[in-house]
Amino acid sequence: MRTIRSACLGTATALTLLACAPLAAAATGTDSGHDKGKHQVITLIGQLAEQTRFPVNPGGPAAQGDRTVVRSILSDQAGNQVGETGGFCTTTRAALPGDSGGAEECVVTYTLPGGQLTAQGMIFGILTQGLPTVPPPSFDNAITGGTGKYALARGSVHADTIGAGKRRFTIDLYL
């Protein structure tokens, strides 16, 4: 570990420190956390409540840097409201003619009884020639953390479109 440590600490920029942190964790043999703790799968239905797009080129085609802010109401499988989501997506690759639909980087917070979960990741194929793809494609995002009873959360969120403005979220959770 001496070589990694001296390489990381020799550079004072925040970018280098952030880049070196995963290397130090990997070098120490830290477990992924999937082997420990409690595993839980939560299935929720999200109904889009609000969506606002902030385009870089108002009136023009989708472009890198466009931002979409969303909020959804979350219900359990029985239809009981159990929380909400709030998040934003930034277009990283605009869809071009013949393209697979561009790409967006998204960060979403799931507010649930007992705490919050945060998820982040890329969504591909969401735009076709600057307009939302109908139906939007399925996607997977990483759980990056949480609060309350989800404070040590890790895992993933899989989303499937099941209707107009409606998604099924399957949260594969390790605590």
- Message: Quick check: residue separation of GLN64 and ALA78 times 0.36 nm, minus the Cα distance between them. What number comes out in nm?
- Response: 1.1 nm
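What is the ratio of the Cα radius of gyration of the stretch 73-127 to 2.2 N^0.38 Å, where N is its residue count, to two decimals?
On the way: Rg = 14.7 Å, N = 55, 2.2 N^0.38 = 10.1 Å.
Normalised by 2.2 N^0.38 Å, the Cα Rg of the stretch 73-127 equals 1.46.
Once the piece of chain linking LEU175 and ASP160 is laid out straight, how much longer is it, given 0.36 nm per residue of separation minus the C-alpha distance between them?
On the way: separation 15, 0.36 × 15 = 5.40 nm, distance 2.35 nm.
Stretched out fully, the LEU175 to ASP160 stretch lengthens by 3.0 nm.
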- Ignoring ligands, DNA and RNA, how do THR147, THR161 rank by accessible area with a 1.4 Å probe, largest first? THR147, THR161
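With a 1.4 Å probe and all protein chains left in place, how much accessible area per residue does the stretch 72-128 have, in Å²? Kindly include the intermediate steps, with their values, before the conclusion.
Working: 2500 Å² over 57 residues.
Accessible area per residue: 44 Å².
The values are calculated or read from the model by the stated rules, or taken from the named source; none is laboratory data. It should be emphasised that the depicted structure is a prediction, and the values quoted were computed from it without experimental measurement. The accessibility values were calculated without ligands, DNA or RNA, using every heavy atom of the protein model including side chains. Shrake-Rupley method; radii C 1.70, N 1.55, O 1.52, S 1.80 Å.
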